[in-house]
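Visitor: Mind looking over this structure? Questions follow.
The values are calculated or read from the model by the stated rules, or taken from the named source; none is laboratory data. It should be emphasised that the depicted structure is a prediction, and the values quoted were computed from it without experimental measurement. Cβ atoms come from the backbone with ideal geometry, glycine included; neighbour counts cover every protein chain shown. Remember, those area values only see protein heavy atoms, side chains included, never the ligands or the DNA or RNA. Shrake-Rupley method; radii C 1.70, N 1.55, O 1.52, S 1.80 Å.
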Amino acid sequence: CNLTGWWENDLGSKMQVLKVGDDGTFSGEYYTAVSNAKKPIQPSPLTGSQHLDEDGQCTFGFTVNWKKFSDSTAVFVGQCFNGDDGKEVLHTSWLLREKVDSETDDWKATR
């Protein structure tokens with residue numbers, strides 16, 4: 001699986017992976033289509049790492065820092081699959097950490 005290029009999810013969010021290095025590290029930008037931030041959505045930097053497998057169905061993970069419009073950070077983990085139609089598809093899970101004002105509010109900070 002070559003993560004380099006543009007990817008889009010079911011909600012219309014997009015990410016662009018600029019280049020995957022020989023060691024599997026990569027960077028790019030994430031363009032979220034969903035947010036509850038008060039500021040307008042802006043492209044956000046992402047950095048990640050890919051496990052380079054010979055069968056092409058690699059695992060990967062990346063972090064998105066929403067610093068341009070929010071006080072939150074998200075992490076994504078996933079795997080690339082070669083679909084029956086020959087098209088590569090990514091399946092991911094994510095966690096989002098929002099900033100809270102106090103330790104007592106910590107319970108509601110992660111989704």
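Visitor: Please compute the per residue accessible area over segment 1-97 with all protein chains in place, 1.4 Å probe, rounded to a whole number of Å². Mind showing how you got there, number by number?
Guide: Numbers: 6110 Å² over 97 residues.
Roughly 63 Å² per residue, with all protein chains present.
Visitor: Pop a pseudo-label 7 angstrom from the Cα along the beta-carbon direction at both LYS19 and TYR31 and give the gap in nm to one decimal.
Guide: Between LYS19 and TYR31, the label points sit 2.2 nm apart.
Visitor: Something else: Peptides 60-66, 70-76, 99-105: what's the order by average Cβ count within 10 Å, highest mean first?
Guide: Ranked by mean Cβ neighbours within 10 Å, highest first: 60-66, 70-76, 99-105.
Visitor: Multiply the residue gap between ILE41 and GLN57 by 0.36 nm, knock off their C-alpha separation, and tell me the result in nm, one decimal place.
Guide: 2.6 nm
Visitor: Next up: So what's the net charge close to TRP7: Lys and Arg +1, Asp and Glu -1, counting the other residues with Cβ under 15 Å from its Cβ?
Guide: That works out to -1.
Visitor: Here is the link list: LYS14/LYS38; LYS38/LYS108; LYS19/LYS67; LYS39/LYS87. Which ones come out longer than 24 Å on Cα distance?
Guide: LYS39/LYS87
Visitor: With Rg/Rh (Cα atoms, Kirkwood Rh) defined as stated, name the option among (i) 0.93; (ii) 1.10; (iii) 1.01 computed from the structure displayed.
Guide: For Rg/Rh (Cα atoms, Kirkwood Rh), the calculated option is (iii).
Visitor: Counting alpha carbon pairs within less than 8 Å and at least 6 residues apart, what relative contact order, in whole percent, applies to segment 5-108?
Guide: Relative CO of segment 5-108 lands at 16 percent.
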